[in-house]
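Contents: one structure, followed by commentary.
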Amino acid sequence: MVRRPVRATEAGQVLLDTEAAISVSMSRAATELAALAEGTVGEVRLGAFISAAASIVPPALARLHAARPEVHIALRELEQRETHALLFRGEIDLAITFDYEHAPEPVPAGLRQEHLMDDPIMVVLPAGHPLAGADSVTPADLPSDAWINTAVDVRDLAASPVAGVRGSGHRLDFDGMDFRTALNLVAAGLGVALLPRLLLLDAPPSVVVLPMREPTVVRRLYTCRLDTRGVTAPISRLEAYLREAATEL
């Protein structure tokens, strides 16, 4: 039996679009009402992808807890593709998102996004690699079969040597969202990889981290929330503390 894809009728699509619009409006209204009732607000829900949750978030949350100990804090590790929908549905209040400098992504209408920091992509080598003593490295310096494939986005750099990292010649495909696994694969001597610097703040001594040149790849991080007229003090404070933590890193 061949199953055909199910599609909504025109009338059904109108209902789906209307439901989504109502959900966004309700989330926005709830946020603005919470801002008006400031004295009763006692929760802030933050969503962040793994490497941000492990680095920028802890010092920011510690400062919020010190300033507003009565506020309940909820942290949710997310995949990037989940974030906007959760904000629109009102399941989180604030998120850390990212895109790449060479492939910017538009912000959906109804969301407010502010730049948090730039996170350059680095080349990570085993400590015993012949290029470990170099000042910097370009992907062309390394054979295609040396690479561990990761989720670093280089799709729009097809004309560059770095595009070969995602080609068919790499040694090992890593299909996962936690870059720490790829880092440990490099540490085990299984290849080299492109990884964001944010992940490498406490890299093991068995790897060497080098800047990438020709081209450079930069991941850009943002805070993101509903674009409302009012925002609660805990959310506003947390945004400020995240910026402070990012600057210190």
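Computed from the coordinates by the stated procedures, all read-outs in this text should not be read as laboratory data. Note that the structure is a prediction, hence the values are computed from the model and not measured. Here the Cβ is made from the backbone with ideal geometry for all residues, glycine too, and neighbour counts use every protein chain on show.
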- Note on the structure: Placing each pseudo-label 7 Å from Cα in the direction of the beta carbon, residue 181 and residue 136 end up separated by a distance in nanometres of 3.2 nm
- Compute from the Cα atoms of the range 178-240 the Rg and the Dmax, the latter being the longest Cα-Cα distance, and quote both in angstrom. 17.5, 52
- Could I have the simple spin-label model distance between residue 107 and residue 213, label points 7 Å from Cα toward Cβ, reported in nm to one decimal? 3.5 nm
- Query: Considering the alpha-carbon set of the range 65-106 alone, what are its Rg and its Dmax in angstrom?
  - Reply: 13.6, 42
- Orientation-averaged projected area, Cα convex hull of the range 52-138 (nm²): 8.8 nm²
- Cα principal axis extents for the range 96-145, largest first, Å: 50, 20, 15
